Structures are given as C-alpha cells and as structure tokens.
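Let me begin by presenting the structure, written as structure tokens, before commenting on it.
The values are calculated or read from the model by the stated rules, or taken from the named source; none is laboratory data. Bear in mind the structure is a predicted one, so any value in this text is a computation, not a measurement. In this analysis, Cβ positions are derived from the backbone assuming ideal geometry, glycine residues included, and neighbour counts consider all displayed protein chains. Just the protein is used for accessible areas: all its heavy atoms, side chains included, with ligands, DNA and RNA removed. Shrake-Rupley method; radii C 1.70, N 1.55, O 1.52, S 1.80 Å.
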Amino acid sequence: MAETKEFQTESKELLNLMINSIYTNKEIFLRELISNASDAIDKYKYLSLTKSDKYPSGDYEIRIDINKEERIITISDNGIGMSKADLVNNLGTIARSGSKDFVKKFKEAKDSQDLNIIGQFGVGFYSAFMVAKKVEVETRSLDVKNGYKFESDGKDTYTISEIDKENHGTSIKIYLKDDTDEENYSSYLENYMIEDLVKRYSDYIRYPIKMLEISKKPKLDSEGKEIEGEEEEVKEDKTLNSMIPLWKKNKKDVTDEELNTFYRSKFNDYEDPFTSLFITVDGVVSYNALIYIPKHAPYNLYSDTYEKGLDLYSKGIFIKEKCKELVPDYLKFIKGVVDSDDFSLNISREMLQNSPVLRRINDNIEKKVVDKLKEIKENDFDKYLEFFRVFGDHIKFGIYSTYGMKKEMLQDLLVFNSLNNEKPISLKQYKENLKENQKYIYYASGKTLESIKMLPQIEKYKSEGIDVLLLDKNIDEFALEMMRDYDKTEFKNISQEASNELSEDEKKNLDILVAENKRILDNIQEALKGKVDSVTFSTKLVDSPVCITTKDGLSLNMENVLDEESKLQGGYSDETTPKATKVLEINPNHELFKAIQTLQDDDAEIQKYGSILYDEAMMLEGYDIKDKKEFVTKLNELMIKALKK
C-alpha cells in the first residue's frame, strides 16, 4: 500500500525553483544522477571488500535506457540501494544541511541575474525535475527484505510503496516534460545526445556506463552473404565512458577542458577552477592526486558547516569523502582527490587521524600547492593577484596560526598594497627598493586603504619618498608580528613611537623641547589621564598638528581588532581586552601648538585644548569620538573665546 507524505516547507521551495527552470544548463541532470549512481556503487563495493559475507561482489555497472514512445529515460545501478528510511531522509528532504543557504543564495543570485550560481550547491537527484514531469525511483538495500518505490511530480507530495525487487541497487525513471518553444526535451531521447553528455561530464566514472544501441546491418543469407536491399536490427550494449579516473591518466593526455569539466561536475561548481595540478609520487609513500584551487570562495567557506578535505581513495576504491587530515587549515579552500595504495580498505577513522602516511601526503600536497602558487606569481603576476584577492587572508593565516613556523614557506606568497605603487607588491619587491640607510620595512594599518592614507604619520614617509605597506585586513598586522622580519629586515609600524630611530642630536633637541614645554605637556597629559600613557613632541609630522602613536607591542589597530573579536564572541569586557600603550604626539612646528604656547599659565585652558587635540588625533586615525557632546562643548567654548578677543 502506497504511503503519501508531504515535502518539508524548504524542500517545496527548492523543488519549485528546480521545476521552474532556475538552472540554465538543464543537461546536468544526467551528470548528477550518474554521479549518484557511481557513489552508490562505491559504497557497495567498499562493503563487499570489507564484509564479503553479507555483500557479495559482482560486475558493477550503470545503465541508461531510453523509451522514445513513452518519453522515459531510466538510469540504473547495482549499488548499495536504499531502505524506506533512506528514501524519506535522502529524497523526501532536499539538501538537508544546506537548504536554507541554498534558498538564500538563490534569491541573491536571482537578484543579480547570476543564475548559474545554483550549480555550486549540487542538488543531485532533484536536478531531474528540471526535465521531468514525474520521477519514479525503485530501490532495494541488502539490509532489508523488500524493495521500495518513490514517486513524485515534484510538487507538494511524494509516495512510497513496497515493491518486489530481486536485486540490490536503484533505478530512476524520468518521465520527460513536453516540448515547448523554449525547450526541446525530446533531444534527451536521442542516443547521440546521451553519449555526448556522458563523454562530456562523466567519462571519468570508474564503472561502465552502458546503453543499448540499436543499429541496422545488412541481412545475411545462410551462406553468410549479404542479401541485397534487406537489413536487420542489431542490439548490443555500448560502453559510453572510458572508466579511467582522471587522476590516474597521464597529465599530457588530459585536456584543460576535461580537467575543468571534471572539476565542475565533481565539486558542483558553476565556474572553472583558478588552476589545477596533477601530483604523482612514487617512494616511501606513493599516491596520485588531482588538486584544484577554486576561482571563488565556496559559499559557506566561513561558516561552521564548511568541511575541508580531499576525497580519499585506495587502489581506486572510495574510502572517505572530505578527508580533513589531507589539508592544512589555511588551505581549506582547495578541492581534489587523493588515491594511494598505502591504505587498507577498512581503515578506521581513528587510524586515519593518526596515520603517518596521511601526514606525509598532507605535507607533500601543501608544498606542491605552495610551489604552484609561487610559479603562477612569478610567471603571471596579474593572475596571481586574482587568487590573492580571494584567498590571500588564508595565506596570512597560515603564518599567524603556526606562530611564524611556516614563514619561510609562505612569506614570498604575500602581497600588499603600498603608498608608492598602484598595484600590490611583494615583500621581495619592497626590499629591492629600500632607500639608502633605510633600516625597516615600514607599514601602516587601518580599516580601509583610504583611512590609512590619511594617517598623519604617513606625511613624513610621503615627503621623503619612502614606501609604506598599507595593511587594511584584520589579519595583516598579526601575520607580520609573527614574522618579525623579511630577509633579515624588520617590520616597523609607522604609528609606533620612533625614539630608537633618532640620532643623538635629534634626541638631544627633543629633550630640550620637552623640557621647555613641560608645563604644557603635563597639563595635556593630566587632561587625558586614562586615555594616553604619555604626551610628547613628534618627529614625524609635517602638516598635521597631532597624531597617536603606540609603544612597541600592541598597535591601535590591533587593539581595535581584538576588541571587535571579543564583542563578536560574546566575552567582551573593556577591562580584560588588551590595550595598546598610547602616546599623543604633537607637532611643535604647527600653528595650533604655537597658539597653545601663548596661553602661558592658563592650565585649565591648556587642558581643554589637550582634550580636543586627542579627539582630533583619534579622528585622523579613523575612529569615532566616544563623547561627541563633550568634544563639541569644549570646541564651542574655545571658538567663542577666540571670537570675543
């Protein structure tokens, strides 16, 4: 007896999207169903090798049958099959872990007219509804006695009924939609179309994809001679795919189009990859790998649901999807497959986690990927910048998260915007263009490039033609702190107090200036108690009256980043958040300071100016004034007093 069930609300919405032609490339339905069939055989084959008493091995295949009269395409496999519970969980609920993201991203894509983004989500079985008015699934798992049939027109409900099915596996019947002016669904009933789609999207599938081919040949008489004018139909199975996994082929025998097609099909992307690399290693550890770097970040890369890892095979047999032990965290965006003979098929999750073989493969793949990126950077810098705009923060994280241990490996992949260059430059380029007697690689940090360029401290470097790296990402300064230097040249934040860079004469003159204006500086520091740690005169400022610098250690920008992170994580406490040691630096040559000097012994008035100078300095650093009312009140008082004179 058939049991009718309703699709979940989100599943209905997704089905509606599929049925109403959200995907411009409808032909991928065949790729998706073949991929599912291959996965089902993978799982069965694995069980047959590890539990042969329960799962007997056999000749595995995927079949495609065409019924032109009834407009039906059938895709069958002799894989693991499904139980009733599997049907409900896998077919009754679409994209369970990602349905909300799917709907959200689809709506965003629809608004931007970028509909092909849907391919990134890989909705698998439900792609059938792009071409089908009805779908029937007949399946049986060896774990249960009976088979089951799933039927749906892709609207509100589906039915599941018990059927007699002798063999394990799954058969999917697609009842094609009627042709329209826009879509010729009948084309999928032609053998040549099916062959072309299999060759294009599924040639690498390791199991034979067979289809019955009917041809006409001359009829022969009893003596084996052709009878003139008479023909007979000949039916024979034709294998449509080569069955050689792409990663097992010789690199020179694989075209870029094959690599890109495999990537889009295997990893459900709507765009070709940024680059790919074949890896073949024979030695203490032997393996083949095909690694891809995507052109864009996966839609959920920064969410808790994202799973890093490469698909792991042993002797061509699938072992584990997204094996995270094969990928370092900072390269979690890479995709690919690894096939090694050095694993047993029944290796446990715990053994994988502690496997020295996996660690060696991980290290080797990491080095190969980094070397590939260095090669691209060297030979096509503009292309490399495309990669770095998307994944550059991950490279920096690789340095920061390992406390600088990967510095030597990764430092030459770093590029930064800089004061004197229109395009980002590498650290090597910066080092090659150091000014005579320049001791440091200078950098400035902030929220945006525009705000960094407006920093008062940058005036001196601009006037002297000294380049400054502009760090506008949260991770930037933390990564450089872990590196400390590049090729023995230390990094220096231009907002750090610079007394150690002064000559003896400069220090002597500064000490005299401070001594002569001690009362003014003491009053300003009294007004800013709790806000700055000291007040002094600047040797950096040219046009600006004031700036904020910090002592060695935490910078103002780093303090702000840690403060924001603490708030986001819900553990915010202003008392426990690390603080920078702040110094208010005043330009002694600016007219504003000269005006303050005329106040003589008016301590209260000097303190008001000091408070305003601090707020101005913070604004120039790109931060909001905390007490705007107090700032405006003091500013108005001073303006009124000046106008009355």
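Highest-first packing order for the peptide set 195-205, 273-283 is 195-205, 273-283, based on the mean count of other beta carbon atoms within 10 Å. Solvent exposure of Ile72, expressed as accessible area, is near 10 Å², computed with a probe of 1.4 Å over the protein chains only.
Roughly how many debye, to the nearest 20, is the charge dipole of the stretch 167-307 about its Cα centre, given +1 on each Lys and Arg Cβ, -1 on each Asp and Glu Cβ, and no other charges? Before the final figure, lay out the partial values.
Values: 19 positive and 30 negative charges, 188 e Å.
Roughly 900 debye for the stretch 167-307.
Roughly how many whole Å is it from the C-alpha centroid of the stretch 48-73 to that of the stretch 434-511? Distance between centres, Cα-based: 67 Å. Along the axis of the charge dipole computed for the chain (Cβ charges of +1 for Lys and Arg, -1 for Asp and Glu, origin at the Cα centre), the listed residues Gly147, Ile28, Asn433 are led at the positive end by Asn433.
Just list whichever of Lys238/Lys315; Lys155/Lys315; Lys367/Lys435; Lys68/Lys155 have alpha carbons separated by over 32 Å in the model shown.
As for pairs spanning more than 32 Å Cα to Cα, those are Lys155/Lys315; Lys367/Lys435.
Listed by chain and number, the aspartates and glutamates placed with their C-alpha closer than 16 angstrom to that of Lys217 are Glu226, Glu228, Glu230, Glu231, Glu232, Glu233, Glu236, Asp237; residues fewer than eight positions away on the same chain are left out. Counting only residues at least eight positions apart within a chain, or on another chain, the aspartates and glutamates with an alpha carbon under 19 Å from that of Lys567 are Asp304, Glu559, Glu575, Asp624. Under 5 Å from the amide H of Thr581 lie the amide H atoms of Lys551, Leu554, each residue being 5 or more positions distant or on a separate chain, with H modelled from the backbone and absent for Pro and chain starts. Adding -39500 (n - 2.57) for every DSSP H run of four residues or longer, then dividing by how many residues the chain holds, sets the calculated 222 nm ellipticity at -11500 deg cm²/dmol. The residues of the chain present an accessible area of 51 Å² per residue when probed at 1.4 Å with all protein chains retained. With every protein chain in place and a 1.4 angstrom probe, the accessible-area ranking of Leu326, Leu220, largest first, reads Leu220, Leu326. Annotation: amide H-H contacts under 5 Å for Tyr486 (H modelled 1.01 Å from N, sequence separation of 5 or more, or interchain): Phe491. Sequence-ordered 3J(HN,Hα) estimates for the stretch 161-177 from the Karplus curve with 6.51, -1.76 and 1.60 and θ = phi - 60° stand at 10, 7, 9, 7, 9, 6, 9, 6, x, 9, 10, 10, 9, 10, 8, 5, 5 Hz, glycine and proline given as x. A value for Rg/Rh (Cα atoms, Kirkwood Rh) was derived from the coordinates, and within the list (1) 0.97; (2) 1.13; (3) 1.24 it appears as (2). Carbon and sulfur atoms: what percent of the 1.4 Å accessible area of the stretch 433-479 do they account for? The value for the stretch 433-479 is 47 percent carbon and sulfur by accessible area. Checking every one of the trypsin sites (Lys or Arg not before Pro) in the stretch 405-451 against DSSP loop status and a limit of 14 other Cβ atoms within 10 Å picks out Lys435, Lys439.
Compared with the alpha-carbon gap, the fully stretched path from Lys579 to Asn167 is longer by 141.4 nm at 0.36 nm per residue.
What order do you get for 229-238, 555-564, 482-491 when each peptide is scored by the mean count of other beta carbon atoms within 10 Å, highest first? Can you show the working numbers first?
Numbers: 229-238: 9.9, 555-564: 19.5, 482-491: 14.4.
Averaged packing, sorted descending, gives the order 555-564, 482-491, 229-238.
The modelled label-to-label distance between Gln429 and Asn589, using points 7 Å beyond Cα along the C-beta direction, is 3.2 nm.
Between Cys323 and Leu310, Asp311, Leu312, the built amide H atoms are under 5 Å apart, and every one of these is 5 or more places off in sequence or on another chain.
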